[in-house]
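The values are calculated or read from the model by the stated rules, or taken from the named source; none is laboratory data. From a predicted model like this one, the values you see are computed outputs, not experimental measurements. Note that we place each Cβ from the backbone using ideal geometry, even for glycine, and neighbour counts take in every protein chain shown.
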Amino acid sequence: MCVRTAEDKQYLALTLKLTPSGLLFLCSPALFGGEGSRMEGAEQTRLEEMLMCTVCQDIFKDPRQLPCGHSMCMSCLENMMDHSSDIPFRCPDCRTYFGQVIKVQKNYSLANIAEDFRENKRRKEEQTKNVYCNFCLEKKVPAIKTCLKCEVSMCKEHVKDHLEIPVFTGHPVVRPLGDLQERKCPQHEDEVLRYYCNTSRRYICNLCALESKQNNLATEASTVLRRNLTDYMDQRFTMLKKQITESNDSLRHLKEEIKREKLKVQNANCLNSVTVVLLSLWFIVLYYAYTYSVENQTLTEALEKQHSRVHQIYSTIAEFLVEHPTTSNTLLEADDEGAFNLDLDTASPFLGVSTDLRTVERVKTKLDYPISNKRFDEAPQILSMRCFSFGIHTWELEAEGYWDIAVSYRSIQRKSKNSSAFGNNAVSWSLTHDGKGKLFAYHNGRKKALSENLQSSRIAVTVNFEKGNITFSAVELTITQLHEFRAKLTQPVCLGVGLYRVDPLSKASVVKVS
């Protein structure tokens, strides 16, 4: 079952959660900030007071529990013991005297709570510092708010639009966040983590919660169907078994009656009209008995066939309803590898993509891909599945042949051969290798020949949103910068790959994303 952790502008206090290994961790329901942070701050101050050593007035470090139940840091206990050689040692909280020998033990639960609190406090301090406005490119201006829908941080001047213009109504604006990308769902990249799932022990988004609910409903429906089918089959088999038993009893009584009549006929000294009638009746009864026996056998065979068919249908339905949700849950807990994956929906029909969506190569024969508005129909190109809108990101690729590695907005044209090519428009920046070692830089239709000759097959492309830099480098024993573009990035950017020749083979693979 998934539990709601934060409502809009309503947040719960810090809670303690016990893991299966016995360790306690602090979970903050106010995961995404907001006005409720004041409540969180008050609870955090209260918790910090409870986790403070009475000797050093700091958060517990390696706490040891005294026989009276109070705890203190190990270093504080050793210092007090060193200065109390001639004075009886007493608990600094309750002043209890323990004698010459003191038995202490490590308080593992308190140690885990204190360490987790200290780590959460450090992480929050890092998240709230060094967050700058994404719109102020010329100088660093501290941000005061972050929009979770637009994925941008804004200063006091630029946040006015989100607060005043009606088109931004409904955009969740919270305190500045420095790790916004980490708060997005790895399965559904456009959704933000908002729920805590007790089953998988991690935060999930709205779509993940809906899928989990649907899986639970399917499992319950499967259980009910299994029970109803089982009850129905048991009732039918009981009734049919009873009918067959009654038919066999009637047949047995009839055979006994015929046998008695046959004995009477054999013992008769003469044939008379009564005997003839009885014999006729006996043959008639025997005929009907045989006919009934044949029909009974046919009914039994038909019943067995029906039973087999019902069981087959039941097994098919049960396997589909039971096993299908299990597959969904497995996919829900899969690792996030979307940053490495290439978007198959954008792939040109002249590009073949590997099953792991990390490698692409040029093919001679046009592939039969489904028709899509996102697909490059003319230019032999493909985009990455993940795009980034802030921070510093690097893709490293292994490339060979005649290739084009680019950084592009997702809004690039897809249906034109010239304007869709990387570097031939204002929304993409590319580095081209002609397959013979020569390099060219392209942007907005302008071509620039580079003096460097490429010796390495590994290329790194780095995007720095804060500085507005797009850098292409060769990765060998050292990293050699090949070319750098200066650009004012206003949209999320994706990795782009273009492959132009079959002979020699043009091929590229994404090997690292950071």
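Can you tell me how many residues in the stretch 345-365 are part of a loop (DSSP other than H, G, I, E, B) and closer than 12 Å to VAL502 by Cβ?
Final tally of qualifying residues: 4.
Go through the stretch 108-149 and give me each residue that's outside any loop (DSSP other than H, G, I, E, B), at pLDDT below 85 and basic (Lys, Arg).
Passing the criteria: LYS121, ARG122, ARG123, LYS124.
Do any strands (runs of 3 or more DSSP E) entirely within the stretch 401-514 hold 1 or more residues that are touching a residue at least 24 places away in the same chain (Cβ under 8 Å) and within 30 Å of ASP356 (Cβ to Cβ), and if so, which?
Of the strands (runs of 3 or more DSSP E) lying wholly inside the stretch 401-514, those with at least 1 residues that are touching a residue at least 24 places away in the same chain (Cβ under 8 Å) and within 30 Å of ASP356 (Cβ to Cβ) span 402-409, 428-434, 438-443, 458-464, 469-475, 479-486, 493-499, 507-513.
With respect to the numbered conditions (1) surrounded by 11 or more Cβ atoms within 10 Å (Cβ to Cβ); (2) assigned to a loop (DSSP other than H, G, I, E, B), which one is the sole condition not fulfilled by LEU47?
Result: LEU47 passes all but (2).
Using the structure shown, decide if ARG446 is touching a Leu at 6+ places or on another chain (Cβ under 9 Å), more than 18 Å from LEU499 (Cα to Cα) and among the basic types (Lys, Arg).
So ARG446 does not fit the description; no.
Assuming SER354 fulfils every condition listed in (1) at pLDDT 90 or above; (2) touching a Lys or Arg at 6+ places or on another chain (Cβ under 7 Å) apart from one, which condition is it?
(2)
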